[in-house]
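The values are calculated or read from the model by the stated rules, or taken from the named source; none is laboratory data. Small disclaimer: the values here were computed from a predicted structure and weren't measured. For neighbour counting, all protein chains shown are included, and Cβ atoms are generated from backbone atoms with ideal geometry for every residue, glycine included. When the accessible area is computed, the model is the full protein with side chains, heavy atoms only, and any ligands, DNA or RNA have been set aside. Shrake-Rupley method; radii C 1.70, N 1.55, O 1.52, S 1.80 Å.
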Amino acid sequence: YDKEAFELLEKPLFKIWLMYDQATAHTYTLKRMMETALRCNVAIRIVNVDAFLFYCDNSAENGVKLTYDNKPIEQLPDVVLCRLGAMRCNAHSMRVLRVLQKLTVVLNHDAPIQTAANKLETAFALAANGVETPKTIPLNVTNAAATRKLVTDALGYPVVIKTAIGSQGDGVMLIDNEARLAELCGLLDKQRQFLAQEFIAASAGSDVRVWVVGNKCVAAMRRKGAEGAGIRANIHQGGSATNVELTDALCKVAIGAAQALGLDMAGVDLLERGDGRFCVCEVNAAAGIEAFEHATGKDVALSLIELCARKFNESKN
């Protein structure tokens, strides 16, 4: 996959780098992307972001040279499809993306990925762009008493507490009174960012994920948490998934969320308020496609390759 993929096709339509990281790669997603690209006569190479190094050089285009596996890069792709999720938005990965963004087409860009990776930044970006999202308050543990009062007055109880950066449902708690919140604030790591979020009772233990690709909704699935999982609906926590029919209301909110963050592709997680309205809980810049494709029967991998083709054609014009 990694070294020889560009040579598998004699006359490909264009060439893609599928960027991932070794630690959190979705094996199913990489395999599906490889198979689908080759079926579409698109050359694809899977590249590990950690294998890139770069250095400043005035003689280089844009003043920076990139290497891969300690070798000069002889051939850039037409499109870089970035599969870096919330836990890989480190300085090295984002710098590699920023360098590549000056040299070729990149989907998604670094800034939207970083916004999506932080649930607090996501909430503010959504609210600023008129996309409905649960009320959200940063937990300022250095001014805990005032923060608890604000949470009590603005959100009430129960209230959802989350780590600002996390994935797969980790670090999510439901707190049912101010005394428990006070106790929790005393235990939280002051070096990490936490937030309090409005509890949407109608969606407890359930959400709807919509895959948005190029400002279009591919499909939607309902995730339901496993017994004993509490408010979490994540598949990785033992939850289940079923197909959900796309509606205009669902698509409007999901597409609005992706646009608000500036993402070319995203898995958008929505909660139902019980009155027919949806609000955006989280946005994932590198959502896995395995459970989604199995639940919906839709070909997300093909939609992603088609997006790459469209962006490549636009870049030539």
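Observations on the model:
- Computed from Cα atoms, the angle from the helix 91-101 axis to the main principal axis of the chain rounds to 50 degrees.
- Among the lysines of the range 1-156, pairs that are 8 or more positions apart or on different chains and have alpha carbons within less than 18 Å of each other number 9.
- Overall, the anisotropy analysis places the range 258-310 in the oblate class: the square-rooted eigenvalues a ≥ b ≥ c of its C-alpha gyration tensor yield a/c not less than 1.5, with a/b not exceeding b/c.
- Our coupling estimate for the range 280-297, obtained by passing each phi through the Karplus curve with A = 6.51, B = -1.76, C = 1.60 and θ = phi - 60°, is 8, 7, 8, 10, 10, 7, 9, 5, x, 10, 4, 4, 5, 5, 5, 6, 9, x Hz, Gly and Pro reported as x.
- Structure-derived volume of the Cα convex hull per residue in Å³ - corresponding label in [x] 184; [y] 149; [z] 197: [y]
- Bridge orientation summary for the range 1-121: considering DSSP beta bridges with both residues in this region, about 35 percent are antiparallel.
- Note on residue 9 and residue 68: the extension gain reaches 19.1 nm, defined as 0.36 nm multiplied by sequence separation minus the Cα-Cα distance.
- Of all accessible heavy-atom area on the chain, the percent that carbon and sulfur account for (1.4 Å): 48 percent
- Close amide H partners of residue 105, meaning residues 5 or more places away or on another chain with modelled amide H under 5 Å apart, are 80.
- Nearest-ten-degree value, helix 248-261 long axis tilted from longest Cα axis of the chain: 70 degrees
- Förster radius 25 Å - calculated FRET efficiency between residue 92 and residue 124 (Cβ-Cβ, nearest 0.05): 0.45
- Tensor-based shape of the range 20-79 (alpha-carbon gyration tensor, a/c under 1.5 rounded, otherwise prolate or oblate): oblate
- Sum of -39500 (n - 2.57) over DSSP H runs of 4+, divided by residues of the chain (222 nm, nearest 500): -9500 deg cm²/dmol
- Under 5 Å, built H, 5+ apart or other chain: amide partners of residue 270: 208, 209, 210, 281
- Heavy-atom accessible area per residue - the chain, 1.4 Å, Å²: 47 Å²
- With at most 12 neighbouring Cβ atoms within 10 Å, loop GluC sites (Glu not before Pro) (DSSP) excluded, longest segment of the chain: 75-226
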